[in-house]
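For reference, the structure discussed in these notes is given below.
The values are calculated or read from the model by the stated rules, or taken from the named source; none is laboratory data. What you are looking at is a predicted structure, and each value in this text was computed from that prediction instead of being measured. Neighbour counts run over all protein chains shown; Cβ positions are idealised from the backbone, glycine included. Please note that ligands, DNA and RNA were not included when accessible areas were found on the heavy atoms of the full protein model with its side chains. Shrake-Rupley method; radii C 1.70, N 1.55, O 1.52, S 1.80 Å.
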Amino acid sequence: MSSNAIVVGTGLAGLTTTLELLNKGISVTLIEKTGNFGGNSIKASSGINGVPTQYQNDKGDTVDFFIDDILKSGKGLSNKDLVEVLARNSREAINWLTGADNGIDLSLVNQLGGHSHARTHRGSGKLPPGFAIISALTKKIEQLSLESDKLTILKNSRLDSILNDKNNIVKGIEYITEGDTVKKSLNSDIVVLATGGFSADFTKSSSLLAKYRPELIDLPSTNGQQTTGDGQKIAHRDVNANLIHMEHVQIHPTGFIQLQKDPNAKWKFLCGELMRGIGGVLISPETGSRFINELNTRDKVTEAIENSCKISHNELGINPNSQVALIVVNKEDYLKATNHIGFYMSQGLMYKSTISGLQEVITKLNPNVSKNAILQTLTDYGNLIKSQSDDDIFGRKTFGDGFDSISLDTEVYYGLVTPVLHFSMGGIEINKFGEVFNEKGDIVKNLFAVGEVSGGLHGYNRLGGNSLLECVVFGKVVAKRIQEILN
Ligand SMILES: Cc1cc2nc3c(=O)[nH]c(=O)nc-3n(C[C@H](O)[C@H](O)[C@H](O)COP(=O)(O)OP(=O)(O)OC[C@H]3O[C@@H](n4cnc5c(N)ncnc54)[C@H](O)[C@@H]3O)c2cc1C
């Protein structure tokens, strides 16, 4: 069996690349090691960035502001060429998803941490953005696989190795189908790796987390269990692909603690950044007070939780070595995200309560916290909202609504959150066309990497909403480059 291109992985990077290749008349074999499409992309809950778009109310936003925000968050490590490609093609990416091609609703726009403007898009309905996008693209791909002889889909089939000739030109792959013991080989002109990150790589013998960040191995993860860095390991082993920024693993500050099921579970559900974007407040059980600008970048918020949110008591069954914060949303802000919060409540991740209820919870984590701490904290926050001033000692500049004339009986929604492994900034080094570099700095001919498997774009810290965007923008860029190579 041979085909023009093999795409490995069915997250947003793999699906976008496949659709774009098919659109250019290039035949594709799409390989996925699990039985389902979507990888971590299907879990994405906050949204996808784009500037400038028809959905942004904030007409002051520009591509240059977006680029500045990414470079700031990357702290000098991001490859500027990749950042330019990402930001300058972001509007087209949103148009491709929402337009006639795919018809996905991304009409609501929010501001996430580290962004100077509101530019993260999601739908107005019940579906989280990752689910909505992956469902639409999957449907299209499955339809194409019935209609077109240019697409072959192999599920439950794991990439095992990359084949190359004596001139180091990639010629295809070997893969193993679940239940088989024998590897099969597949020749092709092009191989595209879209196998995702390694933030759940707890594999005993070859864990990339253990190799690059051993101190993080005990943290819980938001990622699916398939996220084991296969693409990075195989490309490095077989074609000497250069791996960069591997030590930069994003710890998301807010993974939900599921009190009723298993408060110390290794696999955690993400508390989307949107909760802070709509106005959510973080409170420390150590003091009963806020301790950070909730809209700061993920690395800063995580660091603040690690430094300010130790618990002294485990009446709720949480490991006493954990760092835990309360995320609190008032009724006014709840109305901006009823679908999200409704879903979180249905899963036992958030609860409806009152300020006195919150005070009881916090006392279970720290019996010494002052009796009126939470009421005082939220009253102070309400005053900031009222004045919309720059007086917040933590530097928050945009607030939610509400917390006006509150009392112990005021309705609130809350959850308990803790830092979690979330995203691998590092990966296979690529150029602005998605072509892979080897350790000598040469391009590995006919091999591409797209999405989280690649490294260099996000640098030190990824901004929320940029990963889905990376998958779409670079999926399209790579398909265009492949067309040029094959013509
Ligand atoms: C809970 C959660 C919420 C998130 N929310 C957002 C958000 O709101 N906005 C945003 O921009 N980003 C978000 N992210 C990050 C983003 O979802 C991912 O980084 C991104 O979608 C990665 O896409 P991908 O296609 O590169 O990889 P994935 O979507 O992870 O797909 C990789 C695929 O490759 C397959 N695969 C792996 N190894 C092999 C192999 N050896 N052989 C065959 N197949 C293989 C996997 O099974 C998987 O299906 C979130 C991540 C998580 C975990």
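Structure above, values below:
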| quantity | calculated |
| --- | --- |
| Among Leu137, Phe394, Ile48 the positive-end extreme of the charge dipole of the chain (Cβ point charges) | Leu137 |
| Contour excess over end-to-end distance, with Cα ends at Gln225 and Asn23 and 0.36 nm allotted per residue | 69.6 nm |
| Residues Gln347 and Lys480, FRET efficiency given R0 of 41 Å [Cβ-Cβ distance, rounded to 0.05] | 0.50 |
| Sites Arg88 and Glu360 - FRET efficiency at Förster radius 45 Å, r taken between beta-carbons, to 0.05 | 0.30 |
| Point-to-point label distance, Ser370-Ile393, nm (Cα→Cβ direction, 7 Å offset) | 1.0 nm |
| Helix axis angle, 129-147 relative to the chain longest principal axis, alpha carbon, degrees | 20 degrees |
| Listed residues Ser407, Gly38, Ser161: farthest to the positive end of the dipole of the chain (Cβ charges) | Ser161 |
| Reduced Cα scattering model of region 118-168, Debye log10 I(q)/I(0), q = 0.19, 0.22, 0.24 Å⁻¹ | -0.84, -0.91, -0.95 |
| Fully extended contour minus Cα-Cα distance, from Ile169 to Glu215, at 0.36 nm per residue | 12.8 nm |
| Calculated from backbone phi, Karplus (6.51, -1.76, 1.60) coupling profile of region 446-461 in Hz, x at Gly/Pro | 6, 10, 10, 10, 10, x, 5, 5, 8, x, x, 6, 8, x, 6, 8 |
| Rounded FRET efficiency, nearest 0.05, which uses the C-beta distance separating Glu411 from Ser312 and R0 of 30 Å | 0.60 |
| Reference-scaled alpha-carbon Rg (2.2 N^0.38 Å with N residues) for region 310-383 | 1.20 |
| Separation in nanometres of the label points that stand 7 Å from Cα toward Cβ, at Glu142 and Arg237 | 3.3 nm |
| Spatially proximal lysines relative to Lys268 (Cα-Cα < 17 Å; intrachain offsets below 8 disregarded) | Lys43 |
| Set Lys445/Lys480; Lys24/Lys476; Lys211/Lys233; Lys72/Lys300; Lys171/Lys445; Lys300/Lys364 screened for pairs whose C-alpha atoms are more than 19 Å apart | Lys300/Lys364 |
| Rounded to the nearest 20 debye, dipole of region 144-207 from Cβ charges on Lys, Arg, Asp, Glu | 160 debye |
| In Hz, Karplus ³J(HN,Hα) per residue of region 44-53 (6.51, -1.76, 1.60; θ = phi - 60°; x = Gly, Pro) | 4, 10, 8, x, 10, 7, x, 8, x, 10 |
| Simple label model, 7 Å out from Cα along Cβ direction - Asp380 to Asn187, nm | 7.1 nm |
| Antiparallel bridges, percent of DSSP beta bridges restricted to the chain (to nearest 5) | 65 percent |
| Relative contact order, percent, region 255-302 [alpha-carbon distance under 8 Å, six or more residues apart] | 23 percent |
| Only Lys, Arg (+1) and Asp, Glu (-1) charged, at Cβ; the chain dipole about Cα centre in debye | 580 debye |
| Karplus-derived HN-Hα couplings along region 351-357 (A = 6.51, B = -1.76, C = 1.60, θ = phi - 60°), whole Hz, x at Gly and Pro | 9, 8, 7, 10, 5, 5, x |
| Eligible lysines near Lys155 by straight Cα distance, threshold 17 Å, same-chain separation 8 or greater | Lys33, Lys139, Lys140, Lys183, Lys184 |
| Per residue solvent-accessible surface (Å²) - region 407-465, probe of 1.4 Å | 27 Å² |
| Three semi-axes of the equivalent ellipsoid, the chain, Cα gyration tensor, whole Å, largest first | 41, 23, 20 |
| Region 290-428 - percent relative contact order, Cα under 8 Å, separation 6 or more | 36 percent |
| Amide hydrogen neighbours beyond the local backbone of Leu151, cut-off 5 Å, H modeled | Val28 |
| Average Cα contact separation per residue, the chain, under 8 Å, 6 or more apart, as relative contact order % | 23 percent |
| Extended-chain gain in nm, criterion 0.36 nm per residue less alpha-carbon gap, Ser135 and Lys440 | 105.8 nm |
| Residues with amide H under 5 Å from that of Thr120, placed H, sequence gap 5 or more | Asn110, Leu112 |
| Folded to 0 to 90 degrees: helix 12-23 orientation relative to the chain principal axis, Cα | 40 degrees |
| Accessible area expressed per residue, region 111-258, with surrounding protein chains retained (probe 1.4 Å, Å²) | 43 Å² |
| Amide proton proximity set for Ala449, modelled H, under 5 Å, gap of 5+ | Leu193, Val436 |
| C-alpha long axis of helix 373-387 to longest principal axis of the chain, angle in ° | 80 degrees |
| Share of Cα-Cα pairs in region 252-421 lying beyond 28 Å, as whole percent | 12 percent |
| Expected 222 nm ellipticity per residue - DSSP helices of 4 or more, -39500 (n - 2.57), all of the chain, to 500 | -9500 deg cm²/dmol |
